Every structure is written in C-alpha cells, then in structure tokens.
1. Give the residues of region B:239-279 that are of a type in the set (Gly, Ala, Ser) and more than 14 Å from every other protein chain (Cβ to nearest Cβ), sorted by residue number.
2. Restricting to region A:66-78, name every residue that is touching a residue at least 40 places away in the same chain (Cβ under 8 Å) and either within 9 Å of another protein chain (Cβ to nearest Cβ) or under 14 Å from A:Lys101 (Cβ atoms) (or both).
3. What is the one condition in (1) in contact (Cβ under 8 Å) with a residue 24 or more places away in the chain; (2) under 20 Å from B:Thr187 (Cβ atoms); (3) more than 14 Å from chain A (Cβ to nearest Cβ) that B:Lys15 does not satisfy?
4. Looking at this structure, is B:Ala154 small (Gly, Ala, Ser) and within 30 Å of B:Gly213 (Cβ to Cβ)?
5. I'd like to check something: does region A:63-72 contain any residue that is surrounded by fewer than 24 Cβ atoms within 10 Å (Cβ to Cβ), at pLDDT below 95 and on the phi > 0 side of the Ramachandran plot?
6. Restricting attention to region A:45-52, does a residue exist that is at pLDDT 95 or above, closer than 15 Å to A:Ala122 by Cα and acidic (Asp, Glu)?
7. Could you list all residues from region B:204-233 that are crowded, with 18+ Cβ neighbours inside 10 Å and more than 17 Å from B:Gly166 (Cα to Cα)?
8. Is it the case that some residue within region B:156-167 is within 14 Å of chain A (Cβ to nearest Cβ), in contact with a strand residue (DSSP E or B) (Cβ under 9 Å, 6 or more places away or on another chain), outside any helix (DSSP H, G or I) and at pLDDT 95 or above?
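The values are calculated or read from the model by the stated rules, or taken from the named source; none is laboratory data. Keep in mind it's a predicted model, so treat the numbers as computed, not measured. Note that we place each Cβ from the backbone using ideal geometry, even for glycine, and neighbour counts take in every protein chain shown.
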Amino acid sequence: MTELSLPLDAEAIRALHSGDSVLLSGPLVTGRDAAHERFARAVEGGERLPFDPAGETLYFVGPTPARPGHAIGAAGPTTASRMDAWSPLLVERGLRGMIGKGRRSETVKESMLEHGCVYFGAIEGTAALLSQCITASEVIAYEDLGAEAVRRLEVRDFPALVVNDLHGGDLYRDGPARWRRAPS
Amino acid sequence: MREIAVDDVADTVRKLCVEANHELRGDHVEALQRARDRERSPIGQEVLDRLLANAEVSARERIAFCQDTGYAVCFLEIGQDVHFTGGSLAAALDRGVAEGYREGYLRASLVRSPVDRVNTGDNTPAMVHYDLVEGDGVRLTLLVKGAGCDNMSALRMLTPAAGVAGMRKFVVETIEAAGPSASPPVTVGIGMGGTFDRAAVLAKKALTREPTGSPSPDPKLAELEAELVDAIDATGIGPAGFGGTVTTVAVHVEAYPTHIAAFPVAINLDCHSHRVRTVTL
C-alpha cells in the first residue's frame, strides 16, 4: 500500500504501477458530466476554469446530500468514460490525477502518457466507506448543478488502485487478461 | 372489491426507497459472500471484502451504500378487484419517491428531459410498470436502478436461426463491452421472447427475482442460467473489473412466447449494489 499526498508530486507518480494500491490524502476537486461540459465551454470561450488543472487531481463523483454533521454523503466514483471527450482538455493543462471507474478511451490514455497524468480506480459501490475518508467538502463552482456541482474535497487515506500508470500499464486490460479462461 | 388508499401506497414507496438504498438485502449480502468464497484474485477478494464492509457501514450510518441512488423503478401487479381511493395512484408513487429520497438523504438523479437536462430535484418521476392480475391484492416491487449498469445493457432482435447459441454469444459480448463500467460482480437480467418492448421489461423484471441467484423454475432455463454464469465468469473481468474469477453473482432468465420469425433478447445489467424490495399490500 503506497501513501500519496495530494497535490500529487510529478516524480512520485512515475514510481506508480498499474495494480498498486494507494491511499490518497490531501485536497482534490470533483466534477462529472454536466461540469465537464461547462469546463469545455469555458475553455472554448477563453474564460477561466473554476480551478487550475495544473497539478490537480479530479474525482468523478456526484455525492448524495450530507446528513447534518457530516462533510458529505455517499461518494463513490462514477463511470469515467463519459468524461473521455473532455478529459484531454484538462490533462493538456496539467491535470495530474483522475479518479473514477471504468476504462478510458485510447485518446485519453495517450494524452495521459504524453502529459504525465495517472488514472486511479476507486471501488464503486463502496460509497459509504469512501464517504468516511472525506473530511471536508465545499462547493467551488456551478452550485446550480446540485450533485454535479464542482467541489473541493479534503480526503484522508482515500483508497484507490492505479489503473493507468505512466508506463503504459492498464489494470482494466491486464487484470482481466490474467484471469480469462475458456468456458467449462 | 377492495379499497386501497393511495396515501398508503405513497407511504410504502417512501419506506422502501430509504430501506433499499441504506440496507443491502440479506440474500444479496450472502450472494456476495459466496462470490468472496470462490474469488481467487487477491485484488478481487479485496474488492469483495470492501463491498461487504460498505454494506455494514451504510446500514449502521443510515447512508446510501451507493451514491447513484438511481431511478426508482416500480413494478405493480394490481388485482382487478382493487379500487384505489383518495386521488391519483401515479401521483402517489411520485410522492412516495420524493419523500423517501428527501428523508433518506438520497441523490436526486433524474433530469426532466434528455435534451435540456434540468434536474427534477426530487428523483421523480418513478418509472412505473403496471400489470393487471386476478384477485384483490397489490404486489409492489421497487427496483432502485443505477445508470452505470443500465447504460451497459443491450437489446438485440436475434433470428430463430441464431438461437440459444446466438443468445449466449450476445450475453458474453455485452458483458465484455460493459467491463468495469457495469460494476461487477453483476446481476444479469435476461428477457427472451415477446416483442422488442416486452423483452426489455422482462429483462428488468428478471433482476427482481428473490433470492439473488435462485434458479428459474423452468429446468431448461435454469440450465441456461448456470451455463451463462460460467461463460460470464470465464471473461476474467472480475470484481470491479480489476480481473478475477467472479464477474457475476446471478443470471436470471425470463422467457415469453414470441413470433415464428423472432428471437428478441434483452440484457439488463445490475451492479453489485443491488437494490430491490417487494411487498404485498
């Protein structure tokens, strides 16, 4: 288990390999479908993004409402491929980490290798457990989007696996290939 | 004739929404435990351990076990001797969903139109299927359906020549294409036969079979289910798609009469966060 501080260090992520278990601690931002559409519109219109992607880690999540006294509600990852069309815009601007679930497109993977961004898989369906690793949450943009608003989170020992490393490894390709068998 | 107040229906739906999202059904926990027993990949074992731990935390903390608290799909089997009183049944179902989602701190995940995508704010409307049956009872099943796995579902109009072999191939292709996105180990609902639309509804309804993994009463279908579990597990996709020996906890197949020229097959996938509750009113 590798402990990693956020924001991610460019050198530290070079040492990661697909299949590694990590615990992330520090600040990150959230965004999913509707927010990404607005990121793209902002870039197109020459406007500022609600956060500087350089060195940042982005978590694809739309949490449930927080109970009183809690930082956040259930907060597991959503399917990352829906963000594929937009991710390169952020990766090209220095995004260093993404957390989600599910495979990424070839275009996104190439962009991550070129610009130095790692993709982590969190375990969907562990949203209650992951919620306990989030110590603070604040909406920083697009509040009108509700669950899809962009948040700044503070996480502590947030568990994830390295899916796409900086060496061409891909756990979603290599893991199943290892366990594949002929039907009996 | 039996009278049932729609307010009672609303109240039932409210309770079911909260319960289904906070507590993983006992038989599904057992299905995940069996999956843990037969999983050989260390990462896969770790995933299943965390899913089981997550179910305990969510029930204790009264928090949703998955943040995608989904569509509220209602199957209603209504006895023809029932008379609903006190207003609109459809409105009562929506009221129950809205109240349950508010009370349970569940996420409002529906937009009013696929085009303008404005959130309805209370997770309505419920997605309702009505069946009229004999008698004076009402059977209500709530299926809370996440989009991640629903998005990976598929329907194909096969030919009779393609037959069961074609159907098996289609199932494996669908599972392979879904990979990690359907959040395995999945429950697979398959509707065979009927028309284009009938097959899709059957597939969704197949997911509600209880307990998870119980075989079809039709021996031929039960045999097919067991074969499909093996074929799906053979893909090696594994828990959360990280690779492993268990990709599905259950395949439920439902069949219906169809046309001499047709073999409709619908495959509806449900993630490991399986949320189904059935009550009789």
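1. B:Ala250, B:Ala255, B:Ala261, B:Ala262, B:Ala266, listed by residue number.
2. Matches in region A:66-78: A:Ala66, A:His70, A:Gly73, A:Ala74, A:Ala75, A:Gly76, A:Pro77, A:Thr78.
3. (2)
4. Here the answer is yes, as B:Ala154 does meet what is asked.
5. yes
6. no
7. Scanning region B:204-233 gives B:Lys204, B:Lys205, B:Ala206, B:Leu207, B:Thr208, B:Arg209, B:Thr212, B:Gly213, B:Ser216, B:Asp233.
8. No, the conditions are met nowhere in region B:156-167.
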